[in-house]
Amino acid sequence: MVTSSRSAATAEAGHTQKGQVAPRVFDFHGGIHPPEHKALSNRSPLVAAPLPREVVLPLSQHIGAPAQPLVEIGQRVKTGELIARAQGMISAPVHASITGVVTAIEPRQIPHVSGLEDLCIVIEREGEIDEWARLEAWRDWRQQEAQDLIQRLQDAGVVGQGGAGFPSAVKARVRERHAIDTLILNAAECEPYITADDLTMRTHPEALIEGLEILASLIGPECILIGIEDNKPEAVIALEQAIRARRADKRLPPLDSRLEVAVVPTKYPSGGEKQLIKLLTDREVPSRGLPADVGVVVHNPGTVRAVQRAVCFGEPMISRVVTLTGEALQHPHNVEARLGTSIADLLRLAAPAPTGIARLVMGGPMMGFTLESDALPIIKTTNCLLASSPESLPVPAVEQPCIRCGMCEQACPAELLPQQLYWFSKAREFDKAELYNLADCIECGACSYVCPSQIPLVQYYRFAKGEIRSAQHEARKSERARHRFEFKQARMAREEAEKEAKRQQRAQAAQKSAAARADASTAADTASASTATAAAQPAPATDIKAFKTARAAANIALKKAEKALKAAQDGGESSESDIAKLEANVTAAKTKLASAKSALKAASEASESAAPATAGASTGAAAPAAAASAVDLKALKTARAAANIAVKKAEKALKTAQDSGEGDIPALESSLAEAKTRLAKAEADLKAASESAAPAPASTSSTGAAAPAADLKALKTARAAANIAVKKAEKALKTAQDSGEGDIAALEASVTEAKSRLDKAEGDLKAATDAAGADKGPVASAAAGSAQTTDTGAAGSAQTTDTCAAGSSANATTPAAAAPSADIKALKTARAAANIAVKKAEKALARASESGEGDIEDLQTLLATAQENLRAAEVRLNSAQAGSTDATPAAKGAEKLVPEVPKPAAGSVGRGSMAGNVTLSQAEIEASRAENLAKRHKQVSIAVKAAEAAHRKAEAALSEADDENRQRLTTKVDRTRRNLEHARESLAEVQALVDAQ
C-alpha cells in the first residue's frame, strides 16, 4: 500500500540516550510497506558455513575493470593469498578463500542478471588445512598514515557489500575532491526477507564501531549517524551498548566525531542511499549526483566490518554474511560463507523442502534477480539467497493496459513520473525519457508493486537505460575516431612540411658541396697518379679473413653433426651403425675445427709479426695506423648486435607474459636485466676497442698521406641510428594519437629531440665528408713535390707528374712487389655478405607479411639499407677491379710509365673505396637511386599485398573462432590491421618519392 507523507514530529524518534534527544528524522516522498518476512531468518544466530571442497572465484565481483590473474594452473595457494590484482583505479583484487590448488582458470557462468560467463579461478581444497596468508595486523591503526590505511583497503579487496560493489579505497579518497561532514552507516536493510545486516550488527557491534572510527579518520566527518529501521530492536540495543562501552574505555582516545544511532520508521525503500540521506539530514542529492555532492558518505555494515578486519587483523575480504531464507527452506538462517562457495552447498545447510524450490532469487523479492541454476558461486555482493515457494512468489500476471491511475507516481521515492517514463521507453523515445530523469530511477520496484495493471515498469526502465548506454558508447567511439582522424591529418600535414623543409636544406647543401668539389677537382687532378702510387700498400701475406671463414664453417659443421647425433639418440629409431657413423662425423668435424683454429692462430701471429716490417719497408717511417689491429672490431660489433637482439627478445617475452598474466614474470625480469648488462658490457668493449684501434696521426713524409680528418663510417652509422630513432619516436607518437592514450606532449618532445640529433649527425657527416674531399688536394700536391711548376698549364703539370711518378717507380727498391690498390678478395667477400643480408631481409619481410606478425615498417627499412649496402659493395668491387687492371702495366716492369689518371668531370662525385679515389658521375648516382627506389617500391607493394592477405585470413579465423580462442584471434586481427596500415603508409611514401623523381 502507498504511505502518505508523515510530519516531522511523527517521524521523529522518541528514543533517548543519557538524557540526550535522538537525532531528528525526516521523511521522503512515496514508499510502500510490503510484507517483511524477516522473522524467517532472524531468529537463529549467525553461524560459520563449513569450508567448501571447491570455490569458483570470478574476477569481476565488483564494479569497474576485472582483476588480472596472477596464478597458474597447478599452483598451491593459501587462504587470503592474492590470486588476481586490480587493473586501473576503479577495480579490486581477488584473494584465495581456501587453501588448495588452482585447478582451472576459465570462463564460467557467474551470478549476474545477464546470465553470461566470465573468467574465473577455480581452487580445490587441500585436505582439511586452512593455512592463512594474512597481511600485517595493525591493532594500533591510529599510528598509521591515512595513505597507508587507504592502500590497505585496496590491497585487501574491500568493496561495498550492499550495492554494486564499489571499491571502498576509492570512496575513502572522497575527501580529496569534496568536503564531507557526515558519515552514515546504512543499517536500514529495508528489503523483505534479508537479515544479513541485522545479524551482523547483533553479533559484531564492537567491530562495526571500530570500523566506523577507521573510516572517519580517513573522511574527517563532523558526525557519524547509524540509520536503522525500528523493526530491528535487538540490533539497536547492541549498537548503543557498544557505543557506551567505547566512550567509557579510557585506554582509547575520545571519539573525534559525534556518533549516534538514528532509528527511522520502517518503510521501503528507506535503505536506498538517497532516501536514507533525506531521512537523516533532510538533504536531497541532486539529479545524476552523488552523496558526496551534499557532504555525505554512506557505507554498509558488512563493508564496515570488512574494513575493520582488513586493518586490524590483516584479513583480505574472502567471506561475507549471507541470508538463507524463503518458504522452500526448512531451516532458514544466516551464515558467514567463504566467497566462491557453491549456492547449492549453502542451500543444503538450510534443508530445502521435499517439494523443491519453485524460484531461486539472489537478493530480495523487490530488487533481486532470478537464478536459473544453483551451480553458481557466491560473490562479494551476494547478501541473500531466497528460495521461494509458488505461493510466496507467484508467476507474474499478464500485463494489462495502463489505466492512468497515478499510483506509481505516488509510490516513487525518487519523485519521478513513472507513467511518462513507461510510455517513452515503450515507444523507444529515449531522448524524452532522459529529459524526464530516467537516470535517477533506483529500480526499487515500488511502482511495479503498486501497479493495478501488473505492468513490469522496472523492466521497461532497464531496457531503456541499456539502449541509452549503448548509444552513448557508440557516440564516444565515434568521437574518439574523429579525434584520431584529425590528429592523423594534422600529423601528416606537419610531417609533409618538415619533409619539404628537409628537401630544401638537402638541395642547398648539395649545391654548396658540388661547388666545393668543383673548386677542389682542379688541384686534385694534377696529383692523382702520384697519390694512387703512394697510397698503394703491399698485399698481406696471409688472408686472415679466409681463415676466419674456414673456422666459422667448421664450427657450423660441428653443430650440425652434434644436432643430428642428438636427434638420432633421442628418437630411438636409428640403428647402432647409423649412430656410429654420426659419432664419426662429430669426431671428424671436431678435428676440422681444431685444424681451422690452429691455422687461424698461426696466420694471425704471422700477420702481426709481418705488419711492422711491411709498414717500415714501404714508408721508411713509423706508421702504427698501417699495422693490423689487435682487436677484432667486427667480432665485437657482432657481439654487440647479438646482445641487442637478446635484450629485445627478453623485453618482448616479458611484455607478452605481463599482458597474458602467464609465465614466470620475476624470472623474465631477471633475464632482461642480465641481457641489458651483457649489452652494456659489449658496447663498452666495442668502444674501448674502437678507441685503441683508431689510427694515430701519421707523420708527414715524401710518400706518406695524412690520416682522414673524421671516421666517415662511424659518422654514417651515427646518422643511421639517429634516423631509426626518429622513426621510432614518430611511430610511438602516431600510436598515442590514434589511441588517444599516453603523454602526447612528451612524445612530441621526443620526436623533436630525435630530429635535432638526426640533423646534427647529418651535419657532422657532411662536414667530415667535405673535409676528407678537401684534404685530397694538398696530399696530392705534397706527393708531386717540386716537379710541379707555378706557371705551367694543365697539360704541363700532368706531364711533369707522369715523369715524377715514373721516376719514383723505376728507382724503388722493390718495384715488382707493389701490391694492387684494393684487396679484390676482401671486396668480393663484402659483396657476398651484402647479398646474403639482402636475401635475409627479403625473407624476413615476406615471413612477417604472411603471418601478420612483426614490425613490417622496420623490416622494410632494413631491406632498403641492405640493398643500398649491396649496391655500394658492387660499385667498390667493380672500381677496384678496374683499378687493378689499369695498374697491371706498372707492375710488370720499371721501364713502363704509369698511365695517366683520367680527369674527373666537373659534376662528378667521389665515393671512397679500397681502390683509392673512385669517382661516380651524377648520372650514375641518380641511376643507382632510381634502381633502389624501384626495388623498394616493388618490395613495399608485395608487403602491402601480403599484409592484406594476412589481415583477411585473421578476420576469417576470428569469425569462425570459438570463445576459447576469440581473445587471442582478436589480438591477432588488431596486430595485422596495424601492420597493414604501416605497409600502406610506407607504400604511399615510396610512391610520393617515385612521383617526385
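Values for this structure:
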{"quantity": "TRP141 - accessible surface, heavy atoms, 1.4 Å probe, Å² rounded to 10", "calculated": "10 Å²"}
{"quantity": "For region 947-989 versus region 271-330, the gap between their alpha-carbon centres in whole angstrom", "calculated": "46 Å"}
{"quantity": "Protection proxy ranking of 503-509, 303-309 - average other beta-carbon atoms within 10 Å, highest first", "calculated": "303-309, 503-509"}
{"quantity": "HIS951, HIS178, reordered so the largest accessible area comes first (probe 1.4 Å)", "calculated": "HIS178, HIS951"}
{"quantity": "Local electrostatic count, LEU119, Cβ distance below 9 Å [Lys/Arg +1, Asp/Glu -1]", "calculated": "-2"}
{"quantity": "Lys pairs under 21 Å by Cα in region 924-996, provided they are eight or more residues apart or on distinct chains", "calculated": "4"}
{"quantity": "Carbon and sulfur %, accessible surface of region 157-314 computed with the full protein complex present, 1.4 Å", "calculated": "51 percent"}
{"quantity": "List ARG76, ARG246, ordered by accessible area with a 1.4 Å probe, largest first", "calculated": "ARG76, ARG246"}
{"quantity": "In Å², nearest 10: area of MET407 left accessible to a 1.4 Å probe", "calculated": "70 Å²"}
{"quantity": "Pair ASP118, GLU500: separation of 7 Å Cα→Cβ label points (nm)", "calculated": "5.4 nm"}
{"quantity": "Rounded Å value of the spacing that divides the Cα centres of region 398-445 and region 205-223", "calculated": "38 Å"}
{"quantity": "1.4 Å probe accessible area per residue over region 369-411, in Å²", "calculated": "53 Å²"}
{"quantity": "Per residue accessible area of region 924-996, 1.4 Å probe, in Å²", "calculated": "62 Å²"}
{"quantity": "Length-normalised contact order for region 924-996 - Cα pairs under 8 Å, 6+ apart - percent", "calculated": "45 percent"}
{"quantity": "Most to least packed among 666-672, 31-37 [average Cβ atoms within 10 Å]", "calculated": "31-37, 666-672"}
{"quantity": "Residues of type lysines that LYS274 reaches as a straight line, Cα spacing below 29 Å, ignoring anything fewer than 8 places off in the same chain", "calculated": "LYS38, LYS171, LYS232, LYS380, LYS426, LYS432, LYS465"}
{"quantity": "Largest-first ordering by accessible area, 1.4 Å probe, given options ARG247, ARG125", "calculated": "ARG247, ARG125"}
{"quantity": "Relative contact order computed over region 316-420 (Cα-Cα under 8 Å; 6+ residues apart), in percent", "calculated": "27 percent"}
{"quantity": "With every protein chain in place, region 48-124: carbon and sulfur % of accessible area (1.4 Å)", "calculated": "56 percent"}
{"quantity": "Aspartates and glutamates with Cα under 17 Å of LYS840, excluding same-chain neighbours fewer than 8 positions away", "calculated": "GLU850, GLU853, ASP855, GLU857, ASP858, GLU868"}
{"quantity": "Whole-number D in µm² s⁻¹ for region 157-314, Kirkwood Cα-pair radius fed into Stokes-Einstein, 20 °C, 1.002 mPa s", "calculated": "137 µm²/s"}
{"quantity": "Nearest-10 value in Å² for the accessible area of CYS402, using the 1.4 Å probe", "calculated": "40 Å²"}
{"quantity": "Residue-normalised accessible area of region 157-314, given per residue in Å² at a 1.4 Å probe", "calculated": "33 Å²"}
{"quantity": "Size of charge dipole - region 924-996 - debye, nearest 20, with Cβ of Lys, Arg +1 and Asp, Glu -1, no other charges", "calculated": "140 debye"}
{"quantity": "Local electrostatic count, THR200, Cβ distance below 10 Å [Lys/Arg +1, Asp/Glu -1]", "calculated": "-1"}
{"quantity": "Carbon and sulfur %, accessible surface of region 714-764 computed with the full protein complex present, 1.4 Å", "calculated": "58 percent"}
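The values are calculated or read from the model by the stated rules, or taken from the named source; none is laboratory data. Owing to the predicted nature of the structure, the values given are computational and were not obtained by experimental measurement. A quick note on method: Cβ atoms are made from the backbone with ideal geometry, for glycine too, and the neighbour counts reach across all protein chains shown. The protein model used for the area step is the full one, side chains on, heavy atoms only, and it has no ligands, DNA or RNA in it. Shrake-Rupley method; radii C 1.70, N 1.55, O 1.52, S 1.80 Å.
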